[in-house]
Amino acid sequence: LPAGLEVAPGVAAITLEELAMHRSGLPRLASGPEMQARMTSADPYAGSTPEEVFADLARVDAVQVAAGRGAYAYSNFGSALLGQLLARAGEAPYAELLAKRVFAPLGLPAPVLAPGAADGRRAQGHQAGQPVPPWTLDAYAPAGGWQTSARDALALAQRLVAGEPAWVAAALAPRAGDRVGLAWHQAAIADRTVTWHNGGTAGSSSFLAVVPEEGLALVVLVNAGGGVADGLAEALLGHGR
């Protein structure tokens, strides 16, 4: 953590693994004034900074963390914190670290995270049938800032199916008998065990799934919010072998 940041001992004791497995006890969203002010805007994460993420950690109620720590509760705040902590440990911006330590070893081009980098190539997003602008994740990019095409997302999914290097399979594997690995989830759909992750903003939804034992990779990208991709992916996976 940044030098001089005063964090309650019970909060400072949260591990990186607990953040990755959404078992940290942190709330889904930070409660700092900047985040709260943006929640009513059309771009709720725009302008967030790593400094803000760390300052919000110092505001977390240690009693709340103690009550929830160890139990699964998905947290965008926890994902953002995890990414920014790893960036500090790697002494590089999150986007650069992700490209170097994850995408390059998989033989994939650097992920597109920068705001505006996909302008002119992005499908118009919709919410409740109305066009909406894309979100800008900024410091919350670790929680879902990858702007991608179906082709590039499927390339990642195919690398996950292959399970190489060895850390790929280790990240996907559920830990301690749970259905959650390092950020990846596992579920039984029809007659197959599926490792997956979804995502969504006001105007888009996504679902990436792999079944390594079948050599199966699936990507669904939809330019509409509300979890539309989840239903489509689950229907496709539910057809069985």
Over segment 63-220, with every protein chain in place, what whole percent of the accessible area is carbon and sulfur at 1.4 Å, could you tell me?
56
For the chain, the per residue accessible area (1.4 Å probe, Å²) is 50
Net charge, G90 excluded, C-beta distance under 11 Å - Lys, Arg +1, Asp, Glu -1
+1
Tell me the volume per residue, in Å³, of the convex hull enclosing the alpha carbons of segment 1-134.
143
Heavy-atom accessible area of E96 with all protein chains present, probe 1.4 Å, nearest 10 Å²?
110
With just the Cα atoms defining each centre, how far is segment 212-241 from segment 85-141? Give it in Å.
22
Is it possible to state the helix-based mean residue ellipticity at 222 nm for the chain, with each DSSP H run of 4+ residues giving -39500 (n - 2.57), the sum divided by total residues, to the nearest 500 deg cm²/dmol? What is it?
-9000 deg cm²/dmol
Loop sites in segment 98-158: trypsin sites (Lys or Arg not before Pro), DSSP, at most 12 other Cβ within 10 Å:
R121
Of the GluC sites (Glu not before Pro) in segment 41-92, which ones lie in a loop per DSSP and count no more than 13 other C-beta atoms within 10 Å?
E91
Which one, W196, W167, W184, has the greatest fluctuation when you compute a Gaussian network model over the chain with C-alpha springs under 10 angstrom?
W167
Residue by residue through segment 103-118, the couplings from Karplus 6.51 cos²θ - 1.76 cosθ + 1.60 with θ = phi - 60°, in Hz, x for Gly and Pro, are 6, 4, x, 8, x, 10, x, 4, x, 8, 10, 5, x, x, 5, 9
Could you point to the residue in A95, Q147, V65 farthest towards the positive end of the chain's charge dipole, with +1 and -1 charges on the Cβ of Lys/Arg and Asp/Glu respectively?
Q147
Considering only protein heavy atoms, what is the solvent-accessible area of F54 at a probe of 1.4 Å, reported in Å² to the nearest 10?
10
Over the alpha-carbon set of segment 106-176, work out the extent along each principal axis and list the three values in angstrom, largest first.
42, 28, 25
Relative contact order of segment 1-137: what whole-number percent is it, with Cα pairs under 8 angstrom and at least 6 residues apart?
30
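The values are calculated or read from the model by the stated rules, or taken from the named source; none is laboratory data. What you see is a predicted model, and the numbers here were worked out from it, not measured in a lab. As a convention, Cβ positions derive from the backbone with ideal geometry for all residues, glycine included, and neighbour counts pool all protein chains shown. The protein model used for the area step is the full one, side chains on, heavy atoms only, and it has no ligands, DNA or RNA in it. Shrake-Rupley method; radii C 1.70, N 1.55, O 1.52, S 1.80 Å.
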